[in-house]
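Scroll down for the structure; my scribbles are underneath it.
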Amino acid sequence: MTTQQPRIWFITGSSRGLGRALTETVLELGDSVVATARKPERLTDLVQQYGDRLLALPLDVTQPFAIQTAVMHALQAFGHVDVLVNNAGYGVFGAVEEVTAPAVRQQFETNVYGALEVTCALLPHLRRQRSGHILNISSSGGFVGFPGAGIYGASKFALEGWSEALAQEVAPLGIRVTIVEPGAFRTAFNGVLRSPAQTIQDYAETSGQMMHWLRQMHGQQPGDPQKAAAAMMQVVDHPDPPLRLVLGADALIQRVAVLLIATISLSILMSQPLHPDAALNLMPSLI
Ligand SMILES: NC(=O)c1ccc[n+]([C@@H]2O[C@H](COP(=O)([O-])OP(=O)(O)OC[C@H]3O[C@@H](n4cnc5c(N)ncnc54)[C@H](OP(=O)(O)O)[C@@H]3O)[C@@H](O)[C@H]2O)c1
């Protein structure tokens, strides 16, 4: 059991994977959850087990009216929300050129605009209560670009961009924001990823390899969703939570690699007596 007052969580995409694992952990530890899902009937077993500590609501995060309705029902049922987890998401993979424009837009509708709309629907409430914690589930693809993951990564980079700004805007109002960056976790993610109907042979050795790796890894990913859930719980319990939570050894190594490359590039740059314009030219080739 948590030591403080039980909290109310609002979690999107809780039908399976990380969202389901987090919902279970939160309930086990004594808090209450508004678990939203496109098919809330998938949560029936948890509703039976936890009764009125779990409210399962239908929510497709690409439907603005459904977002307003779910938030209204959550507040009617519990009176307040303490933690919002924008978890709902999926991956569109394939070379940048291969992914169709509608598939790109759909990816952003869910991973970027969906999370943004849910956040904005709850923010007036969080601002009024001068407290709250928002966890936005990004990815290691949200801080490094991988071949074959350009569009998915772009959606997570976008999520990270507005989350970072939001964190600074709402900190003075008592609201915290944490960007969660998981590596590869054993969920349905790789099994349901969307890929182009038509691929281009020229990308077989780059994006094609990534697609092959993702499919091979399905079910073999190193990350355990229960451990991810426990780590998210710890962050929410923390009196001074971090802006970023990197989850999994693979994501941590990638994070460190990105920082190292940037640091080395910067030190090379600063050791050279360059005109500022030349420095600007040099940066892209080094980072
Ligand atoms: N697993 C990984 O390796 C990994 C790594 C980095 C980041 N992530 C991120 O972690 C989050 C959770 O993914 P997961 O790994 O748990 O994958 P998952 O097992 O496929 O679960 C994804 C969840 O998102 C829901 N969802 C998708 N589109 C939705 C929409 N429009 N509205 C509402 N719900 C929607 C799915 O609901 P349905 O059941 O209705 O489809 C499902 O509950 C995602 O944001 C993903 O990008 C995962």
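Residues S32, S163, S155, ranked from the fewest to the most other C-beta atoms within 10 Å, line up as S32, S163, S155. Given their separation in residues at 0.36 nm each and the Cα-Cα distance between them, Q272 and H212 gain 17.4 nm when the chain is fully extended. Axis of helix 276-286 versus longest Cα principal axis of the chain: the two differ by about 70°, to the nearest ten degrees.
Report, in debye and to the nearest 20, how large the dipole of the chain comes out about its Cα centre when Lys and Arg carry +1 and Asp and Glu carry -1 on their Cβ. All intermediate terms of the calculation are to be shown ahead of the outcome.
Values: 19 positive and 23 negative charges, 88 e Å.
Computed about the Cα centre, the dipole is about 420 debye.
Restricting the calculation to Cα atoms, the chain yields a radius of gyration followed by a Dmax of 20.0, 69 Å.
Between F65 and S131, what FRET efficiency follows from the Cβ-Cβ distance if R0 is 30 Å, with the result rounded to 0.05?
Working: r = 27 Å, r/R0 = 0.91.
Efficiency, rounded to the nearest 0.05: 0.65.
By the count of other C-beta atoms within 10 Å, a proxy for reagent exposure, K39, K227 are ordered fewest to most as K39, K227.
Counted over all Cα-Cα pairs of the range 102-191, pairs farther apart than 15 Å make up 62 percent. Placing unit charges on each Cβ (+1 for Lys and Arg, -1 for Asp and Glu) gives the chain a dipole about its Cα centre, and among T263, L135, S195 the Cα reaching farthest toward its positive end belongs to L135.
For the range 1-106, averaging the sequence separation of C-alpha pairs within contact (under 8 Å, six or more residues apart) and dividing by the residue count gives a relative contact order of 30 percent.
Take each of the peptides 70-79, 176-185, average the number of other beta-carbon atoms within 10 Å over its residues, and list them starting from the highest. Kindly include the intermediate steps, with their values, before the conclusion.
Values: 70-79: 16.7, 176-185: 23.3.
Per-residue mean Cβ counts within 10 Å order the peptides as 176-185, 70-79.
Taking the Cβ of G219 as the centre, find all other residues whose Cβ is under 14 Å away and add up their charges (Lys, Arg: +1; Asp, Glu: -1).
+2
Compute the distance in nm between two label points, each set 7 Å from the Cα along the Cα-to-Cβ direction, one at I200 and one at K227. Here the modelled spin labels are 3.9 nm apart.
The protection proxy used here, the mean number of other Cβ atoms lying within 10 Å of each residue, ranks peptides 22-29, 85-92, 202-209 as follows, highest first: 85-92, 22-29, 202-209. Think of the chain as a dipole: +1 on every Lys or Arg Cβ, -1 on every Asp or Glu Cβ, centred on the Cα centre; then among V92, A231, L166, A231 lies furthest on the positive end.
In percent, how large is the relative contact order of the chain, given Cα pairs closer than 8 Å and 6 or more residues apart?
Numbers: 496 pairs, mean separation 50.8, N = 287.
After rounding, I find 18 percent.
Every read-out reported here was derived from the displayed coordinates using simple, explicitly stated rules and does not represent laboratory data. Bear in mind the structure is a predicted one, so any value in this text is a computation, not a measurement. So basically every Cβ, Gly included, is an ideal-geometry build from the backbone, and we count neighbours across all protein chains shown.
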